[in-house]
Amino acid sequence: MRTYQETIDWLFSNLPMFQRVGASAMKKDLTNITALCEYLGNPQQKFKSIHIAGTNGKGSTSHMLASILQEAGYKVGLTTSPHLKDFRERIRINGMMCEEEFIVDFVAQHEQKILDQGASFFEIAIAMGFEYFAQQQVDIAVIETGLGGRLDSTNIILPELSVITNIALEHTQFLGDTLAQIAFEKAGIIKSNTPVVIGETTMETKKVFSEIAAQRHSEIIFAEEKFFQDLPSDLIGSYQVKNKRTVLTAIEQLQKQGWKISEENIKNGLLNVVKNTNLRGRWDVLGQHPLIVADTAHNPHGLIEVANQINEQAYNHLHLVLGFVNDKDVQQSLSFFPKMATYYFCEPDVPRRLPIDELRMVVPKELKDIHYFDSVEKALTAAKAAAEGNDMIYIGGSTFVVAEVL
């Protein structure tokens, strides 16, 4: 029998993983996940679910919803990606990661099927999550898509409710290079006669969502047309205001469908997201004097929100510890950050990292105070050494940079 770490190493080395290798891990249809789940006895049909897609905010939205449902006394499954430190972060019930034994036993029991099926890392992670939630008899599971929606491995569930947070240009090589095309892919999670909540829209995405919901006879609720009291949350980024509105709209819909959720449950759920679900990496304050914040935002839509949040902070000087993966438009990403900051560029420890030598070639000439490091740890150490008590250190650019500092 393999140990837990040996099992994880086996998964990493045998299954293609988008986060590490990029496009080659992508599957273009639902054949694999359908076959895997049929082989497992279709565990995804044995529990109720909420399905969440969107360019940004789907992780925060998923965790807020799970937290509120937990406060309401439900046994809540939660599957999200990618993980930051431990694979088991992807499969939780009431904030607790699944047991190491479950992962070890699942792989040992189904290894041959996994290999014969030619499954990707994400497909296996999702199949495991479905199997675990079925075994543990959750009341409801919050299921976050990996990438897109229509062809995402999660898209074999028949949820109580679908939620799409927002649409921005991302992963254009898979999802299309217009907002309408990306909206079409995300709208793939809208199921027949199943309500859908939309967080934010533009003129072109609203048209796509409305047309698809009409075709599928699905009630469509636009969160941006709703007004709620702004309830406090322990997820403190100012950008969470929009996510909270989406969550409150979704909860209102669940209440209409008969789920017992009180105002007290909602308030406590929003206040205790981190405690209830163990979410990390969203405006994650790691230290004071100097203020040290890590955030996993890594596309333009997310980085604009983070840059606005940085601008709201009171600091003397800004230190930015940034690293990227090799499919990001670095110049565009850097355009959101202040030019007068000190930059500490680094390489995250993943195969898809953008090497420092390549990063040097694309860093804009107007950035003057720049330092390069071959590891995240060295970059952060240098930033801490240079920063004074009333300065700010921000760590980001990639999920994988943030994972290394938590």
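The values are calculated or read from the model by the stated rules, or taken from the named source; none is laboratory data. What you see is a predicted model; the values in this text were computed from it and never measured. Note that we place each Cβ from the backbone using ideal geometry, even for glycine, and neighbour counts take in every protein chain shown. For the accessible areas, the whole protein counts, side chains as well, though only heavy atoms, and no ligand, DNA or RNA atoms are used. Shrake-Rupley method; radii C 1.70, N 1.55, O 1.52, S 1.80 Å.
Tabulated results
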quantity: Sites Asn42 and Leu231 - FRET efficiency at Förster radius 45 Å, r taken between beta-carbons, to 0.05; calculated: 0.75
quantity: Candidate residues Phe184, Phe209: accessible-area rank, largest first, probe 1.4 Å; calculated: Phe184, Phe209
quantity: Theoretical gain in end-to-end length, Ser375 to Glu99 [0.36 nm per residue, Cα-Cα removed]; calculated: 96.2 nm
quantity: Estimated distance in nm for a label pair at Asn316 and Lys384, the labels positioned 7 Å out from Cα along Cα-to-Cβ; calculated: 1.9
quantity: Most mobile of Gly149, Gly258, Gly129 in a GNM of the chain (Cα contacts under 10 Å); calculated: Gly258
quantity: Order by protection proxy (mean Cβ within 10 Å, highest first), peptides 211-219, 244-252, 270-278; calculated: 244-252, 270-278, 211-219
quantity: Mean Cβ count within 10 Å, highest first, over the residues of peptides 83-93, 66-76; calculated: 66-76, 83-93
quantity: Rounded percent of accessible protein surface that carbon and sulfur make up, the range 87-223, 1.4 Å probe; calculated: 48
quantity: Helical mean residue ellipticity (222 nm; -39500 (n - 2.57) per DSSP H run of 4+; nearest 500) of the chain; calculated: -12000 deg cm²/dmol
quantity: Burial order of peptide ranges 310-317, 328-335 (average beta-carbon count within 10 Å, highest first); calculated: 328-335, 310-317
quantity: Virtual paramagnetic centre 7 Å along Cα→Cβ of Glu366, amide N under 17 Å, in the range 319-337; calculated: 330-337
quantity: Entries of Lys242/Lys378; Lys85/Lys260; Lys75/Lys378; Lys244/Lys378; Lys206/Lys365; Lys206/Lys256 with Cα pairs more than 32 Å apart; calculated: Lys242/Lys378; Lys85/Lys260; Lys75/Lys378; Lys244/Lys378; Lys206/Lys365
quantity: Cut-off under 5 Å, modelled amide H: who pairs with Asp369 long-range; calculated: Tyr343
quantity: Solvent-accessible area, 1.4 Å probe, carbon plus sulfur percent, for the range 251-406; calculated: 49
quantity: Long-range amide H partners of His298 with built H, under 5 Å; calculated: Leu303
quantity: Residues whose placed amide H lies under 5 Å from that of Lys48, excluding near-sequence neighbours; calculated: Ala141
quantity: Per residue value of the accessible surface for the range 32-89 (all protein chains in place, 1.4 Å probe), Å²; calculated: 28
quantity: Per residue, in Å², the accessible surface of the range 293-358 once ligands and nucleic acids are set aside, probe 1.4 Å; calculated: 39
quantity: Global geometry of the range 208-308, whether rounded, prolate or oblate, following the gyration tensor of its Cα atoms and the 1.5 cut on a/c; calculated: oblate
quantity: Under Karplus coefficients 6.51, -1.76 and 1.60, residue-wise ³J(HN,Hα) of the range 274-289 in Hz, glycine/proline x; calculated: 5, 5, 6, 10, 6, 5, 10, x, 10, 6, 8, 7, 9, x, 10, 6
quantity: Förster radius 41 Å - calculated FRET efficiency between Phe12 and Gln255, Cβ distance, rounded to 0.05; calculated: 0.50
quantity: Tensor-based shape of the range 275-406 (alpha-carbon gyration tensor, a/c under 1.5 rounded, otherwise prolate or oblate); calculated: rounded
quantity: ³J(HN,Hα) computed for each position of the range 104-112 - Karplus, 6.51 cos²θ - 1.76 cosθ + 1.60, integer Hz, glycine/proline x; calculated: 4, 5, 4, 5, 4, 6, 10, 3, 5
quantity: Per-selection Rg to Rh, the chain - Cα, Kirkwood hydrodynamic radius; calculated: 0.96
quantity: Estimated vicinal HN-Hα couplings, Hz - the range 156-161 in sequence order (Karplus 6.51, -1.76, 1.60; Gly, Pro = x); calculated: 10, 8, 10, x, 6, 7
